[in-house]
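Read through the structure below, which is laid out as structure tokens, and then see the notes.
The values are calculated or read from the model by the stated rules, or taken from the named source; none is laboratory data. Everything numeric here is computed off the predicted structure, so don't read it as measured data. Ideal geometry is used to build each Cβ from the backbone, glycine not excepted, and the neighbour counts take in all protein chains shown.
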């Protein structure tokens with residue numbers, strides 16, 4: 001049986017990288033008594049895959065991993081078992097069964113949305129953010145940026161990879177909401193959009209001034225973006 005687990009990552013656990021997060025869940029699944037399936041061969045390992053690895057320093061309310069189990073209790077029982085062995089900073093919020101025909105989360109990821117805030121101690125530029133952000137996206141037909149990888153670099157139109165944005169103020173400080181393309185083919189980091197926006201304002205973005213929070217991860221289903229957490233069924 002295929003299972004999709006949704007979890008939150010917050011507090012000091014935001015500094016734990018992807019590989020350590022994977023090892024952490026392997027141990028917690030064993031401690032919780034989940035009847036997880038193992039691969040065959042000389043070095044069997046738990047059948048587990050994560051949807052979209054989270055960068056170090058980023059908090060999230062919508063992280064996902066898929067596992068395969070030989071048997072399972074109800075969603076409520078397994079949630080209780082998992083959270084009983086979790087350290088502060090990680091909370092499992094959903095445990096759902098998937099159809100055998102469902103693809104792994106990592107293969108269907110298409111987008112993710114984020115909130116970006118200016119950290120205390122940093123002063124944001126003094127501008128009309130709502131008007132400036134609207135001008136930035138509604139103005140030029142394209143916003144080209146150079147995306148660098150380990151092996152090469154390429155020029156892309158940033159606007160084609162941004163699916164949604166808005167801006168609101170909290171205590172006279174801007175909060176940026178962004179929904180961006182996420183996946184193995186095209187992947188846009190939210191801070192890249194903010195860096196381009198700051199450049200439009202004639203400012204340079206200090207990467208340390210931004211706290212990034214991922215809200216959720218989405219897959220494409222019937223031509224629409226659907227939260228990975230809405231796929232599958234609760235086990236009663």
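Any residue in the range 26-37 that is surrounded by 17 or more Cβ atoms within 10 Å (Cβ to Cβ), within 23 Å of residue 216 (Cβ to Cβ), at pLDDT below 95 and in the same structural domain as residue 93 (by TED's automatic domain parsing)?
Scanning the range 26-37 turns up no residue that is surrounded by 17 or more Cβ atoms within 10 Å (Cβ to Cβ), within 23 Å of residue 216 (Cβ to Cβ), at pLDDT below 95 and in the same structural domain as residue 93 (by TED's automatic domain parsing).
Of all residues in the range 165-181, how many are over 15 Å from residue 116 (Cβ atoms) and touching a residue at least 24 places away in the same chain (Cβ under 8 Å)?
Residues that pass the stated criteria total 1.
Among what's in the range 213-236 and is in contact with a helix residue (DSSP H, G or I) (Cβ under 6 Å, 6 or more places away or on another chain) and not in a loop (DSSP other than H, G, I, E, B), pick the residue that is surrounded by the fewest Cβ atoms within 10 Å (Cβ to Cβ).
The qualifying residue surrounded by the fewest Cβ atoms within 10 Å (Cβ to Cβ) is 234.
Consider residue 133 carefully, then state whether it is buried (at least 17 other Cβ atoms within 10 Å of the Cβ), touching a strand residue (DSSP E or B) at 6+ places or on another chain (Cβ under 8 Å) and closer than 24 Å to residue 199 by Cα.
Taking the combined requirement at face value, the residue satisfies it.
If you scan the range 97-121, which residues turn out to be closer than 21 Å to residue 171 by Cα and surrounded by 13 or more Cβ atoms within 10 Å (Cβ to Cβ)?
Across the range 97-121, the qualifying residues are 114, 115, 116, 117, 118.
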